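The next block holds one structure in the form of C-alpha cells; read it before the comments.
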Amino acid sequence: MHPAVARPVTDRPDIGIFARVFPVQHARSLARTVRGLGFSCVQLNLVAVGQPTIPTVDELASIDLAAVARDFAEAEVSIWGLSATYNMAHPDPAKRAALSHRAAALIARAPELGGAAVSLCTGTRDPDDQWRAHPDNTTEAAWNDMLESLDILLDAASHGGVTLAVEPEPANIIRDTDAACRLIGDLGDRAAHVGFILDPANLVAGTDPAGYPQILDDAFTRLGSKTICVHAKDVIPWHERLAGAPGLEFDHIARLHAGLPTPVPVIIQDIAADEAAAARDLLLAAVHRVAGVARNLGA
C-alpha cells in the first residue's frame, strides 16, 4: 500500500449518518429528517424504510429503489452507500451461499439508488451473530469461505459499477489493517472493485489508548489510497462523549481524514437520533480546528 498523499484541508467535509439511526419510516420523511438535522448524505440499510437488509428475490422485485432515490434527492440528501451486510463466513455453506446470491442481486440493483458503494460484513464463524467474534475466525478455512462469498459479490459489483465497501471489524474475518492489506493482495486485479471504510473506534478496539495514534496513522497510511469512507463513533458511548467524557482524539482523526488522497464522507453511527446533531457539531468543531491550524501554517 502506498502512503496517503496530503490534499488541502476543507472546512466542511461531507458528513452523513446511518439511516437506521431513525425510526422506520417512508423514505420521503426519513430523507427530510436527515436533511433537517444538517446531514448531507446517508448510509442506507433498507430496514430504515421497512424492508429487509438482504431481501429475497420476490421482496427485492417489489421494492422501488428508484423512488427511494428520488425521495432522498428531493430532500438534497445523497445516498452514499447501501448496506448488504450478512455473514460472509457463516459456518453453514448452504446458508452462506444462499445469502451471497441474494446479496449479489441487491448489489446489482444498487446503482438505482445513485450511491457509490455497497457495504459488507466479512463475517464470523459464529452461527448466530455476524458481528460476534469466534476463535475460528483466524483459520484459513474461514478466510477462504469469506473469499468464496466475496467472489460472488464481486461479479455483481463489477457489472453494476459499484464499489464493495469492506470495514475492518475486530469481530470479523477482516479484523484489522493487516487483514485488509492481505485481502487486497489476494484479490489482485479484482481489488479495483473493493474500497475500505475506516472506523477509528474499531481499529483501536481492545488496545492501550497510548497506542491509538500509531494504530490510526498506520491504517490511514496503508489503506488511505483505498479508503472510501470514514465512520464516526467513539470507544465510549456517544452520550458519554457528548457529556464531556474523554475518548478518541477527533482532531487527530480529522487530520488523518484531511490527509486522504481523495475526499470521502464521514458517516456517524451507533448514536441515538436525538444526539445526532450534537455529534455532528462535535466533529465539525474538530475539522474547523484542524483547518485553522493548516491555514495558519500555510500563511
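General observations
- In terms of its Cα atoms, region 64-128 spans 43, 17, 17 Å along the principal axes, sorted from long to short.
- Vicinal HN-Hα couplings computed from phi for region 81-98 (Karplus, 6.51 cos²θ - 1.76 cosθ + 1.60; Hz; Gly/Pro x): x, 10, 7, 10, 7, 7, 7, 6, 10, 3, x, 8, x, 5, 5, 4, 5, 4
- The residue among ALA133, PRO263, PHE196 whose Cα reaches farthest toward the positive pole of the charge dipole of region 15-298, with charges on the beta-carbon of Lys, Arg, Asp and Glu, is PRO263.
- Rounded to the nearest 20 debye, dipole of the chain from Cβ charges on Lys, Arg, Asp, Glu: 800 debye
- Lys, Arg +1 and Asp, Glu -1 on Cβ, resulting dipole of region 166-240 about Cα centre, debye, nearest 20: 260 debye
- Treating r as the C-beta distance of GLU76 and ALA210 and R0 as 41 Å, the FRET efficiency rounds to 0.45.
- Sorted ascending by nearby beta carbons within 10 Å, beginning with the fewest, CYS181, CYS41, CYS229 become CYS181, CYS41, CYS229.
- Nearest-0.05 FRET efficiency for HIS26 and VAL57, computed from C-beta distance (R0 30 Å): 0.80
- Hz values of 3J(HN,Hα) by residue in region 161-166 - Karplus curve (6.51, -1.76, 1.60), Gly and Pro given as x: x, 10, 9, 7, 9, 10
- Amide H contacts of VAL194 (H built 1.01 Å from N, under 5 Å, at least 5 apart or other chain): LEU164
- Leading residue at positive end of dipole, the chain (Cβ point charges), from GLY206, ASN172, PRO111: PRO111
- Surface/4 of the Cα convex hull for region 150-299, nm²: 10.4 nm²
- The charge dipole of region 146-299, taken about the Cα centre with unit charges on the Cβ atoms of Lys, Arg (+1) and Asp, Glu (-1), comes to about 560 debye, rounded to the nearest 20.
- Estimated vicinal HN-Hα couplings, Hz - region 223-238 in sequence order (Karplus 6.51, -1.76, 1.60; Gly, Pro = x): 10, x, 5, 10, 7, 10, 6, 10, 8, 10, 8, 10, 7, 10, x, 4
- Amide proton proximity set for HIS231, modelled H, under 5 Å, gap of 5+: LEU198, ASP199, ILE267
- Normalised per residue, the volume of the convex hull around the Cα set of region 15-298 (Å³): 132 Å³
- Short-range pairs are left out: with C-alpha atoms under 8 Å and at least six residues apart, the relative contact order of region 187-299 is 27 percent.
- Relative contact order %, the chain, counting alpha carbon pairs below 8 Å whose residues are six or more apart: 22 percent
FYI, it's all coordinate maths here, none of it is from the lab. Because the structure is a prediction, the values reported are computed rather than measured. In this analysis, Cβ positions are derived from the backbone assuming ideal geometry, glycine residues included, and neighbour counts consider all displayed protein chains.
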